[in-house]
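> Dropping the structure in here first, questions after.
The values are calculated or read from the model by the stated rules, or taken from the named source; none is laboratory data. Given the structure is predicted, the values throughout are model-derived calculations rather than measurements. Note: ideal-geometry Cβ built from the backbone for every residue, glycine included; neighbour counts use all protein chains shown.
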Amino acid sequence: MNKTKIDWATMSWNPVTGCRHGCPYCYARRTAHRFDAGLKDANQTDSGLHVLQEKLRATPYPYGFEPTLHRYRLNQPERQADPQTVFVCSMADLFGSWVPTEWIRDVLDACMRAPQHRYLFLTKNPARYLELDRMAMLPHEDNFWYGSTVTNDDAVAMYPMPGKNINAFWSMEPLLGPVDMRKADGLPQWVILGAETGNRSNKVVPHREWVDQIADFCAEKEIPVFYKDNLRAYFQDLQASAFPWIGGVDGG
Ligand code: SF4
């Protein structure tokens with residue numbers, strides 16, 4: 001696990017890396033490709049998935065952005081005694097349709113073995129949460145938070161909530177358009193709002209009315225909102241950020 005610059009977590013942990021969603025604004029893909037060793041080895045399965053039993057010293061991303069299980073990282077939460085808020089798989093979509101269920105099970109089991117931490121998961125495929133829950137494989141622990149990335153209105157209609165009695169949040173980063181949360185089939189307990197970063201030619205600049213619409217709805221429903229610094233760069237007068245687990249504001 002590593003300390004992270006992501007402002008809503010204290011550490012990131014990447015037992016699985018790589019993603020096939022192909023989002024044009026993806027920072028993780030850019031990072032992974034910088035360290036891609038172009039490795040091809042006997043561990044590669046027919047489905048293009050990779051398993052690393054041991055750490056390779058040369059690069060953290062020997063297969064670039066191809067889905068890879070770093071098995072040697074699975075015990076890292078247990079070895080971290082101080083409680084942390086951990087963003088699980090910041091360099092992947094752990095719940096992507098291509099990820100073997102056994103990989104997800106191994107990651108969730110590793111989290112269960114280290115209950116001192118709070119775990120934040122994030123996916124663009126929340127249907128997988130439901131699928132795992134139906135298989136009784138999704139922990140309902142208080143310290144597990146299941147996030148869905150919602151970047152525009154289309155996603156609201158498309159994305160189901162993880163299930164009853166489960167901590168759920170939406171990451172609206174990058175915010176790419178207006179989001180009418182009233183359309184949602186169930187509401188999250190936390191919302192993260194952020195803007196696109198980087199220098200992409202079609203980079204989306206958030207509109208103030210998009211932010212206000214979400215903030216007003218969340219205020220009405222008492223849903224805490226975390227405003228990322230990349231959004232505050234556009235709008236300096238945003239309210240202080242709030243976390244659901246401390247029931248107050250952290251001062252932004
Ligand atoms: S889901 Fe996340 S990791 Fe995957 S391509 Fe999109 S931004 Fe990158």
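> So for segment 128-140 (the condition being touching a strand residue (DSSP E or B) at 6+ places or on another chain (Cβ under 6 Å), of a type outside the set (Ser, Thr, Tyr) and modelled with pLDDT of 90 or more), does at least one residue qualify?
Within segment 128-140, not a single residue is touching a strand residue (DSSP E or B) at 6+ places or on another chain (Cβ under 6 Å), of a type outside the set (Ser, Thr, Tyr) and modelled with pLDDT of 90 or more.
> Residue 63 passes all but one of (1) buried (at least 22 other Cβ atoms within 10 Å of the Cβ); (2) at pLDDT 95 or above; (3) part of a loop (DSSP other than H, G, I, E, B); (4) not small (Gly, Ala, Ser); which number fails?
Of the numbered conditions (1) buried (at least 22 other Cβ atoms within 10 Å of the Cβ); (2) at pLDDT 95 or above; (3) part of a loop (DSSP other than H, G, I, E, B); (4) not small (Gly, Ala, Ser), the odd one out for residue 63 is (2).
> To continue, here is another question. Quick one: which of 210, 245 is closer than 26 Å to residue 142 by Cβ and touching a residue at least 12 places away in the same chain (Cβ under 8 Å)?
245
> Now, a different point. Scanning for something hydroxyl-bearing (Ser, Thr, Tyr), under 17 Å from the mean Cα position of the chain (by Cα) and within 12 Å of the ligand (Cβ to nearest atom), does segment 82-91 turn up at least one residue? Give the steps one after another, and end with the answer.
Step one: list which residues in segment 82-91 are hydroxyl-bearing (Ser, Thr, Tyr), which gives 85, 90.
Of the ones still in play, those that are also under 17 Å from the mean Cα position of the chain (by Cα) are 85, 90.
Then keep just the ones that are within 12 Å of the ligand (Cβ to nearest atom); that gives 90.
Looking for residues that are hydroxyl-bearing (Ser, Thr, Tyr), under 17 Å from the mean Cα position of the chain (by Cα) and within 12 Å of the ligand (Cβ to nearest atom), one finds at least one in segment 82-91, hence yes.
> Away from the ligand (no atom under 16 Å from the Cβ), more than 21 Å from residue 7 (Cα to Cα) and touching a helix residue (DSSP H, G or I) at 6+ places or on another chain (Cβ under 9 Å): which single residue out of 56, 69, 52 fits that description?
Numbers: 56 fails: touching a helix residue (DSSP H, G or I) at 6+ places or on another chain (Cβ under 9 Å); 69 fails: away from the ligand (no atom under 16 Å from the Cβ).
Result of the check over 56, 69, 52: 52.
> So in segment 15-26, with the set limited to residues that are buried (at least 18 other Cβ atoms within 10 Å of the Cβ) and in a loop (DSSP other than H, G, I, E, B), which one is farthest from the ligand (Cβ to nearest atom)?
15
> I would also like to ask the following. Can you find a residue in segment 178-187 that is over 24 Å from residue 98 (Cβ atoms) and surrounded by 22 or more Cβ atoms within 10 Å (Cβ to Cβ)? Write out each step before concluding.
If we filter segment 178-187 for residues that are over 24 Å from residue 98 (Cβ atoms), which is where we start, we get 178-187.
The next check asks that each one be surrounded by 22 or more Cβ atoms within 10 Å (Cβ to Cβ); those that pass are 179.
Yes, some residue in segment 178-187 is over 24 Å from residue 98 (Cβ atoms) and surrounded by 22 or more Cβ atoms within 10 Å (Cβ to Cβ).
> Report yes if some residue within segment 110-117 is away from the ligand (no atom under 15 Å from the Cβ), in a helix (DSSP H, G or I), free of Cβ contacts under 8 Å to residues at least 60 places away in the same chain and more than 17 Å from the chain's Cα centre (by Cα); otherwise report no.
Yes, the conditions are met somewhere in segment 110-117.
> Okay, moving on. Go through segment 118-132 and give me each residue that's of a type outside the set (Asp, Glu) and more than 13 Å from the ligand (Cβ to nearest atom).
Here is the first cut: in segment 118-132, the residues of a type outside the set (Asp, Glu) are 118-130, 132.
Scanning segment 118-132 gives 118, 119, 120, 127, 129, 130, 132.
> List the number of the failed condition for residue 229; all other conditions in (1) under 21 Å from the mean Cα position of the chain (by Cα); (2) free of Cβ contacts under 8 Å to residues at least 60 places away in the same chain hold.
(2) is the only condition that residue 229 fails.
> Mind checking which residues of segment 76-109 are surrounded by fewer than 14 Cβ atoms within 10 Å (Cβ to Cβ) and in a loop (DSSP other than H, G, I, E, B)?
The answer is 81, 82, 83, 97.
> I would also like to ask the following. In the list 29, 34, which residue meets the criterion of being exposed (fewer than 15 other Cβ atoms within 10 Å of the Cβ), within 16 Å of the ligand (Cβ to nearest atom) and closer than 30 Å to residue 232 by Cβ?
34
> Here is a further query. With the requirement that a residue be farther than 12 Å from residue 175 by Cα, part of a loop (DSSP other than H, G, I, E, B) and touching a Phe, Trp or Tyr at 6+ places or on another chain (Cβ under 9 Å), what does segment 203-239 give you?
Selection gives 223, 224, 235, 238, 239.
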